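Read through the structure below, which is laid out as structure tokens, and then see the notes.
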Amino acid sequence: MSALLEVDGLEVDYGTARALDGADLRVAAGEAVGVVGESGSGKSTLGAAIGRLLPRQAVVAAGTVRVAGEPVLDLPPAALRRLRRQRLGFVFQDPIASLDPTMKVGAQLRLVLRAHGRESPGGRDGGRGGGDVAFHLERVRLDDPRVAAAYPHQLSGGMAQRVAIALAMAASPELLVADEPTASLDSQVREEVLNVVFALARQAGTSIVWLSHDLPAVARRCDRVAVMYAGRVVESGPAADVLGDPVHPYTAALARSAPAVAVPGVRLEPVPGRPPVLTGPSPGCAFAPRCPFAEDRCATERPEPVRVGAKDVLCHRAAELEVIA
Amino acid sequence: MKETAGEKETAGVKGVKGRRPRQRLDPLSLTGLGCLLLLVLVALGSLVHAGGDPDAIVGPRLRPPGPGWWLGTDNLGRSMLPRVMEGVGTTLLLSSAAVLVTAALSAGFGILAGYRGGYLNELIMRVVELLYSFPAIVLAILVAAVAGPGQLAAVASIVLVTIPLMTRLVRAAAVAVAERDYVTAAAISGAGLPRILGRHVLPNVAGTIAVQGTYALSVGISVEGGLSFLGFGVQPPQASLGVLIRQGGTYMMAAPWLIIGPGVVLVLAILSINVLGDGLRDRFEPRETRSLI
Amino acid sequence: MILDLTDVTVSFTTGPPLRRTRLDAMRGVSLSVAEGETLGLVGESGSGKTTTSRVALGLQRPTSGTVRFDGRPFPRRRKDLAGRMQAVLQHPHWSLNPRMRIGQSVAEPLAVLGKAAGELVPEALEQVGLEAGFAERYPHELSGGQRQRVSIARALITRPSFIVFDEAVSALDVSVQVQILNLLKDLQAEYGFAALFISHDLGAVRYVADRIAVMRGGEVVETADAATFYAAPEHPYSRQLLESL
């Protein structure tokens, strides 16, 4: 079974700064994968690379991205547009900014639907939106008919984000990439929006790649989790496994150091130091300077993925650490 | 847990979002700058009569370009070369002086209006809009009617024409700066209005002022050209590009070089300034762009 | 009580003339912060916590109710507070003047009072874990976490008795957040300032606060010891916030 999304050894540079240093990712059809990383980990670059939406300054130094077998980075423009139209959907962090401010919501939805030949001719009242528009808005639990007639700036953040999801899902993509879609939303609304995304995706059989900095939230909802550090995926596997029994020292430290898991009276120990800024391929393991388990070879030899149980871990000492942890 | 000054971390590798690019101006803008400097040199040269005496009669009238008069002679037999040089000098001098006045005034009004808001903002913006609603040339003629034609009219018109847009843009920039946390922090620490405006707002809208000032310069050159062309600006025998174009216009059919010389120089000046302005804008107000291919 | 808000209501009128509507950003809010104590204020967007922060800082006058700092109303001139109240604000990106060197930014509160900074700047930078050499840098050369540290150094330099932290860690990565939160606790232990810590993140708030007030829709719905918020807060909204952690 070949995966829907295959990223192999992707290396991306922005001028002298390296954003991805050999990233690997696999997403199967119908699967929800959470990609967790802090700023500088490269997760947004990875998300953008899936649809070849990298800024002009980005240079792909090595590696491949395949969506449904097609090599995304090498496609000619027309084929790329077709791929994006038919197979990919994107949801970004700021919903108001990702919607066209000059068009009403219903009109934008109709635009997408028309591109897929799904517009039902002679739908309901022309101004408010055809039957299909209402259907798609209902799928994201926006039942109020006034939404379709509204402009994006008239909606609340949560509603606008649901519209963005409806737009992305209207074409029934095979893969939905969501880049921190709930970062600008309240916790209550966040739960609703996430419920909508995951329910809709499950129903439609759409795979999800969900980029986030919040490990516990991701692990709760996704099938698998990939943790990124310094442009590589350092640990990936079943969600509960990665969160509950992390092997890679970075994942373990991340899971331990969220304020949310603090116990009263006990001081949290953050991961000391800061993530590195790479200016080229990392000579060894990028986490070595901050790692309590680092050995000599960690600084000079790049680790390869090691299979530990159901997880893939990028660490020279993975096998030992599994026992220690 | 100390962090040594040796480890310099950048704010993430997501591209050039919100970072000030430290690169030079692009080649086109540099060309514009080069052209402008060339024109300034020419203007300075005219002060020492480097190309000749603009008022001296050197030969027969209406001669095409040739030895002794490299840009031809006009209807009085004066060599066009020194006259065009003087024209460049006069035009640049008047426009620059005007733009400096505009920059100072719009900086002052724009920052006050943007930071304070409220009634002061309303007052300033309404006056500005009133000025803006006049077509430039009408405003210029009005000024000439009041002040009498001449250099003062030219300078005053340029100021009045360029103040509205510049004030608006400075105000917009000031509004954006005013809500930034470092300004609030300064207010919380007890900084008074002069300090806040002088140390925090002004330095951070200076980029906008520089960029818009550059564009205003090219507007100024056009306004001076137009006003002098109509006879309300610089008065002959003093030459400015507008005056020269007017004088040349009369003989356009017989002696096209009389109008081509100043005309080309005028276009060159405006183009190079605009291109320079674009380059400055890209450098000071970068926009993140994604290529979708 | 170093800060006392009593029954504060802040109303704004919006809308076109002749059809104005009244919006209550805060309604009957009462809060107090004792000396040396950290009061946490949790609320989501629209809860009124931003307005509360501005009222506490003296930047917003209440429509009704009273605000007392150190037992007295705010003086007419901010300078008369003599730096006893400072703030650390949210955006690491804009918390420092990009045109001023770090050292100048940190010294600003003293400069405003007409005092020379001298050795206090390097000392302040070291207290927040930055080497003194940072004083020569410009903000764009620093990371988000480092910039927040500089903001904290700036807030401390006048030895205030009260600091408002308004979403001070929200824009930072989780691991950096913890570093800054630990720094706050250490600094408070050393200098004894009182603090109002405002955030939408209950996890961060309960880690640093002694008592917590929860705001929603412009009102305070619950105030209790931080310990309560680990186990079982009373108000259903508080419980909802706790669950979503």
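The values are calculated or read from the model by the stated rules, or taken from the named source; none is laboratory data. These numbers were taken from a predicted model, which means no experiment stands behind them. Neighbour counts run over all protein chains shown; Cβ positions are idealised from the backbone, glycine included.
General observations
- Only a single criterion out of (1) over 16 Å from A:G231 (Cβ atoms); (2) crowded, with 17+ Cβ neighbours inside 10 Å is not satisfied by A:E320, namely (2).
- Subset of region C:35-62 [in contact with a Gly (Cβ under 9 Å, 6 or more places away or on another chain) and among the charged types (D, E, K, R)]: C:E35, C:K49
- The lone exception for B:L71 - which of (1) over 28 Å from B:V275 (Cα atoms); (2) at pLDDT below 90; (3) more than 14 Å from chain C (Cβ to nearest Cβ) it fails: (1)
- Region C:212-238, subset aromatic (F, W, Y) and over 21 Å from C:D24 (Cα atoms), residue nearest to the other protein chains (Cβ to nearest Cβ): C:Y230
- Filter pass, A:S184 being outside any helix (DSSP H, G or I) and within 16 Å of A:V112 (Cβ to Cβ): no
- Test: residue in region B:36-48 that is assigned to a loop (DSSP other than H, G, I, E, B), away from chain C (no Cβ under 14 Å), at pLDDT 50 or above and within 26 Å of the chain's Cα centre (by Cα): yes
- Subset of region C:80-123 that is over 25 Å from C:V169 (Cα atoms) and facing chain B (nearest Cβ under 7 Å) - its residue that is surrounded by the most Cβ atoms within 10 Å (Cβ to Cβ): C:V112
- One residue alone among B:L112, B:L120, B:L142 is under 29 Å from B:G231 (Cβ atoms), in a helix (DSSP H, G or I) and of a type outside the set (D, E, K, R), and that residue is B:L142.
Conditions (1) of a type in the set (G, A, S); (2) within 26 Å of B:L38 (Cβ to Cβ), marked per residue:
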| site | (1), (2) |
| --- | --- |
| B:L81 | no, yes |
| B:V101 | no, yes |
| B:G114 | yes, no |
| B:G117 | yes, no |
| B:I137 | no, no |
| B:I158 | no, yes |
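- Tabulated pairs, region C:1-27, first exposed (fewer than 11 other Cβ atoms within 10 Å of the Cβ), second outside any strand (DSSP E or B), C-beta under 6 angstrom, 6+ apart or interchain: C:T13/C:R20; C:T21/C:G15
- Some residue of region A:30-44 being under 23 Å from A:E174 (Cα atoms), charged (D, E, K, R) and part of a helix (DSSP H, G or I): yes
- Top-ranked residue of region B:198-228 - restricted to ones that are buried (at least 20 other Cβ atoms within 10 Å of the Cβ), away from every other protein chain (no Cβ under 13 Å) and aliphatic (A, V, I, L, M), ranked as farthest from C:P98 (Cα to Cα): B:L227
- Pick from region A:187-214, criterion within 14 Å of another protein chain (Cβ to nearest Cβ) and part of a strand (DSSP E or B), ranking: modelled with the highest pLDDT: A:L211
- Close pairs (6 angstrom Cβ cut-off, 6 or more residues apart or separate chains): acidic (D, E) in region C:41-53, assigned to a loop (DSSP other than H, G, I, E, B) and modelled with pLDDT of 90 or more anywhere: none
- When C:M215 is tested against (1) in a helix (DSSP H, G or I); (2) at pLDDT 90 or above, exactly one condition is not met: (1).
- Cβ-Cβ under 7 Å pairs, at least 6 apart or on other chains, region A:255-273 side facing chain C (nearest Cβ under 7 Å) and farther than 12 Å from C:V174 by Cα, far side of a type in the set (F, W, Y) and outside any loop (DSSP other than H, G, I, E, B): A:A262/C:Y207; A:P264/C:Y230
- Count of region A:263-321 residues, restricted to those that are in a helix (DSSP H, G or I) and at pLDDT 85 or above, is 9.
- Filter result for the condition that a residue is more than 9 Å from every other protein chain (Cβ to nearest Cβ), part of a helix (DSSP H, G or I), touching a helix residue (DSSP H, G or I) at 6+ places or on another chain (Cβ under 6 Å) and touching a residue at least 24 places away in the same chain (Cβ under 8 Å), over C:L184, C:L241: C:L184
- Any chance A:D214 is within 15 Å of the chain's Cα centre (by Cα), of a type in the set (D, E) and either surrounded by fewer than 20 Cβ atoms within 10 Å (Cβ to Cβ) or within 26 Å of C:R206 (Cβ to Cβ) (or both): yes
- Residue that is touching an Asp or Glu at 6+ places or on another chain (Cβ under 6 Å) and within 14 Å of chain A (Cβ to nearest Cβ), where the choices are C:E44, C:E37: C:E44
- Residues satisfying the stated conditions in region C:135-171, i.e. charged (D, E, K, R) and closer than 21 Å to C:Y207 by Cα: C:R149, C:D166, C:E167
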